[in-house]
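The values are calculated or read from the model by the stated rules, or taken from the named source; none is laboratory data. Predicted model, so just to flag it, every value in this text is computed and none were measured. Don't worry about glycine lacking a Cβ; one is built from the backbone with ideal geometry, like all the others, and counts go over all protein chains shown. The accessibility values were calculated without ligands, DNA or RNA, using every heavy atom of the protein model including side chains. Shrake-Rupley method; radii C 1.70, N 1.55, O 1.52, S 1.80 Å.
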Amino acid sequence: MTLYIGREASKLWKRICAETSAESNLFIDNWKYIIAGFVFQYIHGVAARGVHYLHWPGPTLQDLGFFLLPWTFHPFVFKVKKFYTVQIWCRVLAYLVVSQTLRIFTFYSTQLPGPNYHCRPGSKLARLPEPDGVLEVLVINFPQGVIYGCGDLIFSSHMIFTLVFVLTYQKYGTRRCIKQFGWTIAIIQSLLIVASRKHYTVDVVVAWYTVNLVVFFVDKKLPELSDRTNGSSLLLLPLSTKDKDNWTKEENHKLLNGNSVNPADRRPRSQSNGKNLEDVNINQVDTSMNSTP
């Protein structure tokens, strides 16, 4: 039992080292896109705060969802991974940046009177006092500024985040039950947003088709992610940087086909650009080593 636990712990540690090395290489190549995506989240927050200064409270607009929904609410280290975390996040952030850019254009184009209770006439939170300087606008009052914002309506930011993650898992996820659960949550959240008067129904409806179109067209422009479970193109993850270029494709295919490889030559390799690293089950490597005389 002790020997078995020690062997399995060794396998787990090798996989952790391999995954960490592979993800680190990908992050080095893509860090600019990831940082830019997170910086844009701040820009989006500043834009939402800025439109609050322009918000003018008024009568709540007639909305079908308000009639149908009464006011009832008041104020990814698994053993098998199909794709690399860094690549997935690059794609998710691309979806968010494009969707949020469109959102900024729409809510600055036309400011609607906020339907929520704190955005209505007579509320002290409906309008922000004139800022004393640019710095006051650039500083996001978290979390009050996020919770009590007004004017950033079309289209719903809540639905942007929800739909981006649900659509991403729909395409790259593996568990059907999680996909069904994600879509169920998205539908329920749409109803709750309208019921709580956080948005008009049009804000939610526009988000549904806009985010789907954004994901569709961004996918057309970005290269498809490499599927690590595709046996025809598998490459071992690097276990150390100095040995990562020493294992040929032929030796890798021998392992995948169950043939033994000389342990002295068992060194992993990856492509030098770090973008097409693939996964292989470490158990295959251990099996090959054990079968070598």
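Numbers below:
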| item | result |
| --- | --- |
| Cβ-derived FRET efficiency at R0 25 Å, Ala36 paired with Asp132, nearest 0.05 | 0.25 |
| Of Lys179/Lys220; Lys198/Lys220; Lys32/Lys171; Lys32/Lys220, those spanning more than 28 Å from alpha-carbon to alpha-carbon | Lys198/Lys220 |
| Cα centroid of region 1-49 to Cα centroid of region 79-142, whole Å | 26 Å |
| Rounded to the nearest 10 Å², the accessible area of Ser109 at probe 1.4 Å | 90 Å² |
| Reference-scaled alpha-carbon Rg (2.2 N^0.38 Å with N residues) for region 128-222 | 1.32 |
